[in-house]
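The next block holds one structure in the form of structure tokens; read it before the comments.
None of the figures in this text is laboratory data; all of them are computed from the coordinates on show. Fair warning: this is a prediction, and the values are worked out from it, not measured in the lab. A quick note on method: Cβ atoms are made from the backbone with ideal geometry, for glycine too, and the neighbour counts reach across all protein chains shown.
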Amino acid sequence: VQLQASGGGLVQTGGSLRLSCAASGSIFSIYNMIWYRQTPGKQRELVARISSEGSTGYADSVKGRFTISRDNAKNTVYLQMDSLKPEDTAVYYCAAQRYGQNYWGQGTQVTVSS
């Protein structure tokens, strides 16, 4: 499966962005989809995940502010990010997961100015 993330950019504190990750090359609906983020010098952090059945989970740091969703007809997973904070600044990556194997897309930069 190939993944293409988009939607990053520069936003002020309190603003919103919606990231998209389009998949191709495989049957999208069978994969769990995950958004990660990474800042320089830190480990990659799981931000949100959505299972193939639609169950969702979030890191404590984004609960109530971020929403993950998927549109299997469009082979796309989304991350709606609201009430953004400077500490949300990172490169965001999407991944497709199946049987413990992650398939990665390229990252998209999100910068939140204070």
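State the antiparallel share, in %, of DSSP beta bridges confined to the chain, rounding to the nearest 5.
Numbers: 39 of 43 bridges.
Roughly 90 percent of the beta bridges in the chain run antiparallel, per DSSP.
Anyone know which of TYR36, TYR99, TYR58 comes out most mobile in the 10 Å Cα GNM of the chain?
Of TYR36, TYR99, TYR58, the most mobile in the Gaussian network model is TYR99.
Take segment 21-114, compute every pairwise Cα distance, and split them into 10 Å bins from 0; I just need the percent in each bin.
With a bin width of 10 Å, the distribution comes to 16, 51, 28, 5, 0.
Within segment 43-114, report the GluC sites (Glu not before Pro) that DSSP leaves as loop and that have at most 15 other Cβ atoms within 10 Å. Before the final figure, lay out the partial values.
Numbers: sites: GLU45, GLU53, GLU87; in loops: GLU53.
Hits after loop and neighbour filter: GLU53.
Which lysines have a Cα less than 20 Å from the Cα of LYS42, not counting those fewer than 8 places away in the same chain?
Result set, ordered by chain and number: LYS85.
So which trypsin sites (Lys or Arg not before Pro) in segment 1-82 end up in coil per DSSP with only 12 or fewer other C-beta atoms within 10 Å? Intermediate results must be reported in sequence, preceding the final value.
Numbers: sites: ARG18, ARG37, LYS42, ARG44, ARG49, LYS63, ARG65, ARG70, LYS74; in loops: LYS42, ARG44, LYS63, ARG65, LYS74.
Passing both the DSSP loop test and the Cβ count: LYS42, LYS63, LYS74.
Please state the relative contact order of segment 49-91 as a whole percent: Cα pairs under 8 Å, 6+ residues apart?
Working: 35 pairs, mean separation 12.3, N = 43.
Reported relative contact order: 29 percent.
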